[in-house]
Amino acid sequence: MPFLSAAAAACVVFLVTGAVALHQPRPYASSCCLPHERDALLVFKQAITSDPAGILASWPERDDHHRHEQHCCRWRGVRCSNKTGHVLELDLHD
């Protein structure tokens with residue numbers, strides 16, 4: 001399991017509370033990643049101090065604007081709701 005800093009733990013709380021608070025289905029959920037959740041995941045990635053399994057290597061860098069537009073629900077270890085597109089779970093163990 002990667003080691004988390006306090007900032008990373010705060011991002012996880014943000015993602016979980018955001019996913020729980022917003023249950024409205026979106027018609028485009030399967031084709032789009034919510035920008036604020038994608039941004040939170042990228043901030044979370046920056047705060048990770050160790051990733052021995054290399055799970056986060058498939059995620060783009062925060063300043064990589066071309067890859068930044070990718071659907072974060074397709075990133076390794078990220079599971080999203082099929083109904084809302086919200087991030088539901090991060091599985092970062094190998």
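No value in this document is a laboratory result; all are computed from the given coordinates. Here the structure is a predicted model, which means the values were calculated and not measured. Backbone-built Cβ (ideal geometry, glycine too); neighbour counts: all protein chains shown.
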Env charge @ Arg76, Cβ radius under 12 Å, K,R +1 / D,E -1, value 0
Length gained if Asp39 through Arg62 is fully extended, taking 0.36 nm per residue and subtracting the Cα-Cα distance, is 7.5 nm
